[in-house]
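The values are calculated or read from the model by the stated rules, or taken from the named source; none is laboratory data. Keep in mind that what you see is a predicted model, and the values were worked out from it rather than measured. FYI the Cβ positions are ideal-geometry reconstructions off the backbone, even for glycines, and counts take in every protein chain you see.
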Amino acid sequence: MIKKLRYQWQLMQASFWFLPALMVVDAVVLAVLLITLDMNVDLHLAARWPLLFGAGAAGARGLLTTVASSMITVAGVVFSITLVALSLNSSQYSSRVIRTFMRDCVNQWVLGVFLGIFAYCLVVLRTIRGNDEGAFVPALAVLTGLLLAFIGIAVLIHFIHHIATSIQASSIIATAARETLASVDHLTAILTRLASRRIAAPYWRDQGVLRVIACGPSVERLLSEGFDQIRQNAEGNVAVLLRLLGALHTISGATLSPRRRRVLERKVDEIARVAQRSIRSPTDRDRLANRLTALREALVSGPMSFIEQLPRLVHSDRPYVTVSQGLAIVTTQLARVLNGVAAFLAVRYGTDEATHRAEQWEGAPLWLIARVLSDSKIARLRDDLKDQVADKVSAQSEQARQGLEGQISARVEQDIANLSAINQLW
């Protein structure tokens, strides 16, 4: 329930209507407060500053009517023309233009300012009364409406400048690049956490008989869903390709499974082919080649420890690890420590004795004991151990098969050479 509410809250914050609606409510509240102040506190403003506060009911109505009508007219005309221009740009460049416009906080603030001033003027207009109705002119609220009109003019100038800058081709490309890199970082943090978890096999058996083949997720499928479309559209973009390689490097440090690391190797090869096909600059080729070499060495040698990965978080000359990726690395390393503690205690003493020893451990928090010695954790460790043994046996079998094929091939070639020599003698 809390997650759903948080998700709805994030959707409202990213929508185009939420911030303007909130600003309209704030403007109405401001108008009510100023009117209440004028009604209950006699500040003698008209006597002290007659030029600012000395307008009558007709003048105040005319001023607020002019401000309100101009604000709603400007908002309608400006945003209509802007949307037409953005539609033309989206057909030429990318459909992201309109989505970026909708999410831009500046555009939401500008619309909120125009609509808020309009609502403020309407509320204040409702309270102005002439002599025949019992004269009341909220002088402070009227002056505030005039000041808000000047603020609206300044906001309009800034909005025109902002739109003229944002619809330029360079700005559109830069915005798309920033969104792409942010998406890669977000996906990296998610996949790094998933890489250390065990995903249930899709084959469900009952007494040794296969009953169900589930369409569940796999690491390869998740990597493909996350990175394939980005890679396919990143031809010639060195920054995106480097960020993808950095993402795979981070994910590789979170898994010990040889099967998953082979999947990562295939993804690295796909990125290498894209770089070889689309990158023309020798300098960029060298940067990508160095990164590819380091990543392949990391996949062969195994995951780095947290101490080895820590410089990637603090050195600015290696900026391909973001804060979210760093948090994912820390979480993964802590999970490995807990897994190691659970495995050692369970194997060395058995589950019951290990639980007793852990409870006698002075200073050990209860959440740590529950985390490392739960039945589900022990079962998961056993399954992970089986998977690692199966992967290792498979790798050794493949290596032995290749070695045997090489020996047979060499023996056959030697026999053919001997037969050829005998044939020549005859």
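Scanning the stretch 43-70 for residues that are assigned to a loop (DSSP other than H, G, I, E, B), surrounded by fewer than 19 Cβ atoms within 10 Å (Cβ to Cβ) and at pLDDT below 70 turns up LEU43, HIS44, TRP49, GLY54. If the condition is being assigned to a helix (DSSP H, G or I) and touching a residue at least 60 places away in the same chain (Cβ under 8 Å), then the stretch 1-17 contributes only ALA14.
Yes/no per residue for (1) of a type in the set (A, V, I, L, M); (2) surrounded by 14 or more Cβ atoms within 10 Å (Cβ to Cβ); (3) within 23 Å of the chain's Cα centre (by Cα):
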{"residue": "LEU156", "(1), (2), (3)": "yes, yes, no"}
{"residue": "ALA164", "(1), (2), (3)": "yes, no, no"}
{"residue": "LEU181", "(1), (2), (3)": "yes, yes, yes"}
{"residue": "ARG193", "(1), (2), (3)": "no, yes, yes"}
{"residue": "PRO202", "(1), (2), (3)": "no, no, no"}
{"residue": "GLN207", "(1), (2), (3)": "no, no, no"}
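Selection of the stretch 249-291 for residues being touching an Asp or Glu at 6+ places or on another chain (Cβ under 9 Å) and within 16 Å of VAL238 (Cα to Cα) yields GLU270, VAL274, ALA275, ARG277, SER278, ILE279. Have a look at ILE213, ILE172 and point out the one that is outside the structural domain of VAL106 (by TED's automatic domain parsing), within 30 Å of LEU86 (Cα to Cα), at pLDDT below 85 and β-branched (Val, Ile, Thr). Only one candidate qualifies: ILE172. Quick one: would you say GLN232 is exposed (fewer than 13 other Cβ atoms within 10 Å of the Cβ), at pLDDT 85 or above and more than 19 Å from the chain's Cα centre (by Cα)? It is true that GLN232 is exposed (fewer than 13 other Cβ atoms within 10 Å of the Cβ), at pLDDT 85 or above and more than 19 Å from the chain's Cα centre (by Cα). Does any residue of the stretch 265-281 turn out to be of a type in the set (Lys, Arg), assigned to a helix (DSSP H, G or I), farther than 18 Å from GLU225 by Cβ and touching a residue at least 24 places away in the same chain (Cβ under 8 Å)? Yes, that holds for at least one residue. Out of all the residues in the stretch 123-134, is one or more closer than 30 Å to ALA254 by Cα and surrounded by 13 or more Cβ atoms within 10 Å (Cβ to Cβ)? No, the stretch 123-134 has no match at all.
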